[in-house]
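One structure is given below, encoded as C-alpha cells.
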Amino acid sequence: MTLVAQEIPKVGLVMEAVKVVRWLKNVGDTVAAGEPLLEVETEKSVVEIEAAATGRLTQILVQVDGQATVGDQVAWIESAEAHGAGTAAAAPRRAEPKIVAPTPSTAAIPARDGERIRSTPVARKLAAERGVDLGGIAGTGPGGRVQLDDVQRAIDAPRVVAPATQSFSPMRRAMARAMSLSNATIPQFTVARSVEWTELQALRREFAARLPDAAPRLSVNDFLLQAVARALTEFPALNATFSGDAESADARVVQASGAHIGLVVAVDDGLLVPVIHDVEQLGLAEIARRRQDCVERGLKGRLKREEADGATVSVSNLGAIGPDRFTALINPPQSAILAVGRQRDCVVAREGAVVVRPLSDLTLTVDHRVADGRLASQFLARLVAILEGRDWRLG
Amino acid sequence: MQHTFIEILRRALDEELARDAAVYLLGEDVAAGGAFGVTRGLAQKHGSARVRNTPISEAAITGLATGAALCGLKPVLEIMFIDFATLSMDCLVNQTAKYRYMSGGQLAVPLVVRTQAGAAGGAAAQHSQSLEAWFIHVPGLIVVAPSTPAEAYGLLKSAIRLGEPVLFVEHKRLYTMKEELAVGAELPPIGRARIAKPGTDVTVIAYSAMVQSALEAAQKLADAGISAEVIDLRTLLPLDMATIAASVSKTHRALIAHEAVLNGGVGAEIAARIGAELFDELDAPVLRVGCGFAPIPFAPQLERALLPGSADLVRAVRQIMGLAE
C-alpha cells in the first residue's frame, strides 16, 4: 500500500491559482488513474483534474471553494500499486499531510472571536436595536470606544454602496490581466467596413431547410467563423501571433497552422473566449454544433483549458442588442479581433439607386506588430466579399 | 424685592410659627438670633416659650427636641454647625430615626433639625465640613439640602409640615445669596428633585451650593456648544431616581458634584444606582466631582484650592464628552 499525493497539475500556460469547484469523488471512493477526480476553476474556465493514481481516495485536503496553486497537494489516494518517483510512495503511512488551504469554516471564525469591540452600553443597545454591526464602526471615544454618536452616525450615514470590496474571481482577474496586457503592450489599430446581409439571410434560410431538425440552428456567428477561417487561409500573414519583446532581437511572428478562432461569449461574471480549432476544415453544420457545445459548457463554467487556447483571431458579436459599431481589444496573444455591429436596415446606393439593405459595420482591430493597414484592409475586404457571396460549405 | 437666604429662612420660620401653634424653635442662642441671625426677632414676635435658647449640648438638645416631637410638638432644632451634629448622632440615629419603625407606626417624630454646612471664609477644619452622607445611611431620616433662598423657603416649610425627622442642611456660603420670593408659590414636595437648567448632552447632578457651581459650569459649557442639564436634588434621602433616570436616559452621560469628599459620598450612591439601573443608557463612565480628601484648611487660599468649583465641573464634563483638555 502506498499513499499517493494528488496535486494540482499545471494545465495552462499561465494558470497559477485555482479554486476547488467540486469534488467528483467522496472520501472512501475508489478512483482510477486518469479518471476525473475534482473540478477547479482557473482564470478562464473550470478544469477537470484527473486522479494521479488508482486506489482509494482517503483524504480531501482542500474543500470546495478552497484556494490552491499549481503544485499544491489537494488529496491523498491510497494506492495498492507500488509507485516510483513522482509519487509520494516514500511518505510514511501515518504522516500528517500538510494542509494547503484551510476551509473557511475553521479559518475565519477564531480570528474574529479574539477581537473585543470597546463600546458603551447605550451604543450597544442602539446597535442591537437597529441591527448595526459594532465591528464595522470606528469608535471616537477614549481608546477607540464606540459611543452612541458613532452608532447614530453609522445609522444616519447615507447608504453608500460599499466600495467594491468583493475580491476578483479568477475569471475576472484573468480578464483584467489580459485586457491590461493588451492595452499596455499591443499597438492596436482598427479598420472598418460595412457588410450587407441580404444574400447571407437568404442562404441561412435555405440551409436551415436542408439541415435535419435535430441539428443546431445556424447562426450568423457560424457564417462569420467560416468566413474568417477562409480569409485567414488566404492571408496567412494575419494568421499569426507576435512573440517576444518588440525591442529585443528575439521578437518574432509565429505562424499558425490551421484557423483557430475564438468566439467571445458574455457570461455573468465576465467573458469567455472558447476557441474552435481548425475551422477551415469544418462545414457550417459542424461549426454550429461545436459553437453551441462550447458556449453551453462555457456558460456552465465547464470549458477545458485547451479549449480556450491557440487562437489567432477572435470574433465578438454583441448581437441584435449591440451597438451600431464598436472597437474590441485584442485578446493576447492573438493578433486581431473582429467586432460585429448590430444588423440594421440602412439606406445605401446600389447601381445608382437608393435602396434599403440590412447592413452591419465590421471593425477589425489588428496588432500593428503583426500586420499593417494595407494587409488589414485587404483581409477585411475579402472577408466582406466572402460574407456577401454564395460560396459556403454546409456539411 | 430680593431677600437673602437668611431673611427668607427667617420668614419661613416666622410664617410657620404663626400658622401652627405646635411649631417651636430651639437651639443655642436662637432667642438672640442664632450664630448667623436666622431667628433674629422671632423670640420677640412669638414669645420666648416658642423660641427657646438651650444649653450648649447637642446630645441633650437633640434628645429634648425628639421628646418634644414624640409628645406632639413640631420642634425646629438648630444645630449651629453640622460638624457638631456628631454629638447629636446617637439620638438621631438610634432614637429619632427609629421611633416610627419600632412603635409599629404608632409614634411619629415631626422634627426638623436645621444645621449649616460647607466651607466659606476660613471657618477651618471643624466648622466647614459637609457631612450629609453620614445621614443618608440611616433609614427613617429625611435629608434635605436646598440650593437657593427661594428653594429653602419652600423646602423648610414642607419639612416642618412633613411630620417626619428631617435633617435640613443649609450651606453657609448661600446665606448671603439674594433672590426674589414668589408669593403664594406652591411648596416644593420633599423627595422630588428639580431640573435647575434643562440640557441635552450631559446631566450634572448637584445639591446645595454646588448647584450654583453647576449652573456656572453649564453656562461655560454652553459657550463651548455643550448643553448640560443641571439637576438640583433638593432631597438627598430619599433620592429622586425617577428624575435622574429621565435625564440620564436623555443625555446618556452623568456627572455628580458635591462639596463633600468623594469617599462614601452621595455621589458614590447615585453613581452606583445609575450603573445598576441605567447601565444600558450610558454612553460614558459616570464621573464625580467632590472635595479633595483632606480637612478643610483655615488659610483662605488653601481652602479655595481644595474646594471644587465650576472649573472642575467643566473639566469633568469635557472628559465625559471625550474632549481633550
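Every number in this text was worked out from the coordinates using simple rules, so none of it is lab data. Because the structure is predicted, anything quoted here is derived from the model rather than measured. Please note: Cβ atoms are built from the backbone with ideal geometry, for glycine as well, and neighbour counts cover all protein chains shown.
Remark on A:Thr54: its backbone amide H falls under 5 Å from those of A:Ala33, a criterion applied only to residues 5 or more positions apart or on other chains, H modelled at 1.01 Å from N.
Each of B:Glu277, B:Glu28, A:Glu129, A:Glu48 was scored by other Cβ atoms within 10 Å of its Cβ. Arranged with the fewest first, they read A:Glu129, B:Glu277, A:Glu48, B:Glu28.
Each residue of the stretch A:339-352 is assigned a 3J(HN,Hα), and the resulting list reads 9, 9, x, 5, 6, 8, 6, 10, 7, 9, 8, 10, 6, x Hz, derived from the Karplus form 6.51 cos²θ - 1.76 cosθ + 1.60 (θ = phi - 60°), x at Gly and Pro. A:Arg374 to A:Asp213: FRET efficiency via 1/(1 + (r/R0)^6), r the Cβ-Cβ distance, R0 45 Å, to the nearest 0.05? Taking R0 as 45 Å, the efficiency between A:Arg374 and A:Asp213 is 0.45. Which of A:Ala174, A:Ala246, A:Ala371 ends up with the largest GNM mean-square fluctuation for chain A, with Cα atoms connected below 10 Å? With Cα springs under 10 Å in chain A, the top fluctuation among A:Ala174, A:Ala246, A:Ala371 is at A:Ala246. For the pair B:Gln2 and A:Ala320, label points projected 7 Å from Cα toward Cβ lie 9.2 nm apart. For the protein assembly as shown, the share of alpha carbon pairs falling in successive 10 Å distance bins from zero is 3, 11, 14, 11, 9, 7, 6, 7, 8, 9, 8, 5, 2, 0 percent.
With the alpha-carbon atoms of the stretch B:77-144 aligned to their principal axes, the span from lowest to highest coordinate is 46, 20, 19 Å, starting with the largest. What fraction of the Cα pairs in the stretch B:194-320, stated in percent, has a spacing above 23 angstrom? Summing the P(r) of the stretch B:194-320 above 23 Å gives 25 percent of all pairs. Choose one answer from B:Asp20, B:Asp232, B:Asp29: the residue with the largest mean-square fluctuation in a GNM of chain B with alpha-carbon springs under 10 Å. Looking only at B:Asp20, B:Asp232, B:Asp29, the largest GNM fluctuation is found for B:Asp20.
For chain A, the relative contact order works out to 16 percent when only alpha carbon pairs closer than 8 Å and six or more residues apart are counted.
Compared with the alpha-carbon gap, the fully stretched path from A:Thr54 to A:Glu388 is longer by 114.7 nm at 0.36 nm per residue. Amide H to amide H, with H built 1.01 Å from N, B:Ala254 comes under 5 Å of B:Thr203, B:Leu287, counting only residues 5 or more places away or on other chains. Start at zero, step by 20 Å, and the Cα-Cα distances of chain A spread as 22, 39, 30, 9, 0 percent across the bins.
Report the Stokes-Einstein translational diffusion coefficient (µm² s⁻¹, integer) for the stretch A:170-388, Rh taken as the Kirkwood radius over Cα pairs, at 20 °C with viscosity 1.002 mPa s. Working shown, then result.
Values: Rh = 18.0 Å.
Result for D is 119 µm²/s.
Note on the stretch A:282-395: Kirkwood radius taken over Cα pairs, Stokes-Einstein applied at 37 °C and 0.692 mPa s, translational D equal to 200 µm² s⁻¹. Whole-Hz Karplus values for the stretch B:59-74 come out as 4, 5, 6, 5, x, 4, 5, 4, x, 4, 5, 4, 8, x, 7, 10 Hz, taken residue by residue from phi with 6.51 cos²θ - 1.76 cosθ + 1.60 and θ = phi - 60°; glycine and proline positions read x. Stretched out straight at 0.36 nm per residue, the stretch from B:Met89 to B:Ala242 would grow longer than its current Cα-Cα span by 52.1 nm.
Based on the Kirkwood radius over alpha-carbon pairs, what value in µm²/s does the Stokes-Einstein equation return for the translational diffusion coefficient of the stretch A:263-323 at 4 °C and 1.567 mPa s?
Reported coefficient: 106 µm²/s.
For a quick check: sort A:Phe189, B:Phe84 by the number of other beta carbons within 10 angstrom, fewest at the front.
By the 10 Å Cβ count, ascending, the order reads A:Phe189, B:Phe84.
If R0 equals 35 Å, the separation of the Cβ atoms of A:Gln281 and A:Asp133 corresponds to a calculated FRET efficiency of about 0.05.
What's the extension gain from A:Ser194 to A:Arg289 if we count 0.36 nm per residue and subtract their Cα-Cα distance?
Working: separation 95, 0.36 × 95 = 34.20 nm, distance 2.77 nm.
So the chain would gain 31.4 nm between A:Ser194 and A:Arg289.
GNM on chain A, alpha-carbon springs under 10 angstrom: the most fluctuating residue among A:Leu284, A:Leu200, A:Leu362 is A:Leu200. Rg and Dmax, both from the Cα atoms of the stretch A:116-156 and both in Å, are 8.6, 24. Reducing the stretch B:30-101 and the stretch A:226-278 to their Cα centroids gives an inter-centroid distance of 112 Å. For B:Met241, B:Met177, the sequence from fewest to most other C-beta atoms within 10 Å is B:Met241, B:Met177. Obtain the nm distance between the two label points defined at A:Asp309 and B:Lys178 by a simple spin-label model: each point lies 7 Å from its Cα along the Cα-to-C-beta direction. Each label point is offset 7 Å from its Cα along the Cβ direction, giving 10.2 nm.
Only helices enter this figure: runs of n ≥ 4 DSSP H residues, each worth -39500 (n - 2.57), summed and divided by the residues of chain B, yield -10000 deg cm²/dmol at 222 nm to the nearest 500. Hey, what does the equivalent ellipsoid look like for the stretch B:2-180, semi-axes from the Cα gyration tensor as sqrt of 5 times each eigenvalue, largest first, whole Å? Working through the eigenvalues yields semi-axes of 23, 19, 15 Å.
Compared with the rule-of-thumb size 2.2 N^0.38 Å for a compact globular protein, the stretch A:201-242 has a Cα radius of gyration ratio of 1.54.
How about the stretch B:275-308: which chymotrypsin sites (Phe, Trp or Tyr not before Pro) there are in a DSSP loop, with at most 12 other Cβ atoms within 10 Å of their Cβ? Hits after loop and neighbour filter: B:Phe293. Comparing the stretch B:132-268 with the 2.2 N^0.38 Å rule of thumb, its C-alpha radius of gyration ratio is 1.03 (two decimals).
Spacing of the modelled spin labels on A:Glu351 and A:Arg172, each 7 Å from Cα toward Cβ, amounts to 5.5 nm.
Using only alpha carbons, chain B has a radius of gyration to Kirkwood radius ratio (Rg to Rh) of 0.97.
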